[in-house]
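Taking it in order: structure first as structure tokens, then the write-up.
What follows draws every value from the coordinates through simple rules; no lab data is involved. Just so it is clear, the structure is predicted and the values come from calculations on it, not from any experiment. Cβ: placed from backbone, ideal geometry, glycine included. Neighbour counts: every protein chain shown.
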Amino acid sequence: MNNKTAEKNNLDSKISFCDNVIKQFHKAAELMSIDSDIRRILATTKNEVVVHFPVRMDDGTIRIFNGYRVQHNDVLGPFKGGLRYHPQTSTDEVRALAMLMTWKTALVNLPFGGAKGGIECNPLELSITELERITRRFTFALGNIIGPEYDIPAPDVNTNAQIMVWILDTYLATIPPQDRNRNVHVVTGKTIASGGICGRDKATGQGIVFTIENWCKDKKFDLSQATYIIQGFGNVGSWAARLLKPHGPKLIAVEDASCAIFNPAGIDPDDLLRYSKSNQNFIAKYPGAEEIDHKTFMGTKADIFIPAALENQITKETAQLLKVKLVIEGANGPTTPEGDQILQEKNVGLLPGILCNAGGVIVSYFEWLQNKRSEIWDLEQVDHSLRRIIDHAYIRTRETALEYKTDWRTAAYIVALKRLEEVYRERGIFP
């Protein structure tokens with residue numbers, strides 16, 4: 001999220017996103033006493049690729065773009081992770097996100113490793129034809145760095161199903177014709193017509209709602225009487241809000257890159273989404289709520305806060321402002337270690353992103369299987385399987401938190417690290 005105040009908080013922290021992720025990793029590794037050699041392996045990425053590629057713009061000029069793909073670990077299976085298009089995309093950011101993907105896929109017991117990538121650009125400044133040329137040229141530049149059994153990209157911030165289809169088409173054009181239909185699973189998050197799966201668009205938001213349902217059941221908390229706020233109203237935030245709507249909680253504040261809005265009587269998620277789509281995907285000047293500043297938004301009293309924007313939003317400074325009972329991380333790494341500590345001191349519950357937002361990669365796995373097996377999964381099958389995996393991961397995390405007497409983020413990391421440690425112990429290190 002590029003709200004000016006939020007950006008200032010990020011700059012003031014003076015600690016990189018990757019440093020924060022590694023710090024959280026070492027906390028869990030220390031508590032579980034992971035093998036020191038395996039710890040060194042997992043603290044390091046396997047491959048980091050930076051590509052610089054030229055693209056002809058609509059005005060005829062040539063512009064050079066920077067693209068990234070970081071592959072953190074593949075001991076459990078092919079690298080898996082999204083591609084984001086954002087002006088702040090960097091090696092440090094992508095490295096951290098790749099590590100989080102490794103923990104996420106291990107936590108929910110998928111046969112995938114972790115990777116992440118992206119292009120340093122602002123899609124708002126680009127035409128649709130420029131976006132297509134950039135995407136196709138980036139795919140060509142990556143070459144055999146990606147592949148259906150090696151590294152499988154997916155959508156992330158500012159990317160979508162159409163962009164995945166362009167990647168698919170470009171990749172297939174580089175391999176022999178007789179092999180093309182066997183490689184459709186090189187990307188996930190595609191359109192339905194091009195091999196995508198039902199429910200992928202809402203998968204991350206659906207996983208968040210399933211996690212909230214589990215927490216409410218544990219705490220005997222009446223969700224229908226709850227209030228909540230959301231930071232970020234893109235794919236994840238808007239779907240989470242719309243899927244929560246039938247449960248009855250009241251959405252009272254929303255923040256995106258354009259502004260923050262507040263209405264104590266409630267904001268209708270469907271109406272806000274309709275407005276956003278007609279307003280360049282921004283919520284600014286929404287007539288159903290008053291505009292507030294970032295600090296006021298963060299200090300809004302509510303039961304639940306869903307940060308679904310970018311990383312490092314709940315910091316040492318902003319965590320002190322929160323007046324909520326539970327934080328459900330819809331984004332990747334929205335809370336810094338210092339923010340974590342303050343939330344624990346304030347007795348604010350927190351369910352980590354590697355659990356809450358795992359719905360996206362879980363349904364991506366279903367799409368990958370669907371393409372490999374030439375099957376078609378219906379929505380009921382997708383949702384049932386997604387709930388089962390999210391529920392199991394939630395239970396394992398809860399039990400580990402009790403066993404180690406620790407917070408849920410550390411517990412989720414321990415569940416993931418134990419699975420990775422077991423595989424490394426069995427397979428050993430070559431030679």
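A rounded overall shape is assigned to the chain, the ratio a/c of its alpha-carbon gyration tensor axes (a ≥ b ≥ c) being less than 1.5. Find how many whole Å separate the alpha carbon centroid of region 340-394 from the alpha carbon centroid of region 89-131. Cα centroid of region 89-131 versus Cα centroid of region 340-394: 17 Å apart. Residues SER364, SER90 in ascending order of nearby Cβ atoms (within 10 Å, fewest first): SER90, SER364.
Let me make sure I get this right: for region 15-133, a, b and c are the square roots of the gyration tensor eigenvalues over alpha carbons, sorted descending. Under 1.5 in a/c it's rounded, otherwise prolate if a/b > b/c, else oblate. Which is it? Prolate is the answer for region 15-133, as a/c is 1.5 or above and a/b outweighs b/c.
Hydrophobic long helices, here whole DSSP H runs in the chain with Kyte-Doolittle means of at least -0.5 and Cα atoms spread over 15 Å or more along the helix axis, are found at 17-32, 91-107, 128-142, 161-173, 203-219, 359-373.
For region 203-356, would you read off the P(r) tail past 20 Å as a percentage of all alpha carbon pairs?
On the way: 4943 of 11781 pairs.
More than 20 Å apart: 42 percent of the Cα pairs in region 203-356.
Near ILE38: Cβ cut-off under 12 Å, other residues only, Lys/Arg at +1 and Asp/Glu at -1. The net charge is +1. Overall, the anisotropy analysis places region 256-299 in the oblate class: the square-rooted eigenvalues a ≥ b ≥ c of its C-alpha gyration tensor yield a/c not less than 1.5, with a/b not exceeding b/c.
May I ask you to sort ARG398, ARG84, ARG40 by Cβ crowding, counting other Cβ atoms within 10 Å and putting the fewest first? Walk me through the intermediate numbers first.
Details: ARG398 18, ARG84 25, ARG40 9.
Fewest to most other Cβ atoms nearby, the residues stand as ARG40, ARG398, ARG84.
Helical content alone sets the calculated 222 nm signal of the chain at -14000 deg cm²/dmol, taking -39,500 (n - 2.57) per DSSP H segment of four or more residues and averaging over every residue. Loop-located GluC sites (Glu not before Pro) in region 203-306 (DSSP state other than H, G, I, E, B) with a sparse environment of at most 11 neighbouring Cβ atoms within 10 Å are absent.
Taking a sphere under 13 Å around the Cβ of ILE146 and counting the other residues whose Cβ falls inside, with K and R at +1 and D and E at -1, yields a net charge of 0. By the count of neighbouring beta-carbon atoms within 10 Å, fewest first, MET99, MET57, MET32 end up ordered MET57, MET32, MET99.
Listed by chain and number, the aspartates and glutamates placed with their C-alpha closer than 14 angstrom to that of LYS277 are ASP256; residues fewer than eight positions away on the same chain are left out.
Region 302-321 and region 203-235 have Cα centres separated by 15 Å.
Inter-label distance, GLU403 to ARG56: 5.9 nm, where each label sits 7 Å from its Cα along the C-beta direction.
Among the listed pairs LYS23/LYS323; LYS104/LYS295; LYS46/LYS202, a Cα-Cα separation exceeding 29 Å is found for LYS104/LYS295; LYS46/LYS202. Counting only DSSP beta bridges whose two residues both lie in the chain, roughly 50 percent are antiparallel.
With r as the distance between the Cβ atoms of VAL75 and ASP271 and R0 = 41 Å, compute the FRET efficiency 1/(1 + (r/R0)^6) and round to 0.05.
The formula returns an efficiency of 0.35 here.
Listed by chain and number, the aspartates and glutamates whose C-alpha is less than 17 Å from the C-alpha of LYS316, apart from same-chain residues fewer than 8 away, are GLU7, ASP12, ASP19, GLU329, GLU338, ASP340, GLU345. Highest-first packing order for the peptide set 272-279, 107-114 is 107-114, 272-279, based on the mean count of other beta carbon atoms within 10 Å. The HN-Hα couplings worked out from phi for region 255-261 by the Karplus form 6.51 cos²θ - 1.76 cosθ + 1.60 (θ = phi - 60°) are 10, 9, 5, 8, 4, 10, 10 Hz, whole numbers, x standing for Gly and Pro. Annotation: the antiparallel percentage among DSSP beta bridges lying fully within region 45-186 is about 65. Here the contact order of the chain, divided by its residue count and restricted to Cα pairs under 8 Å and six or more residues apart, works out to 17 percent.
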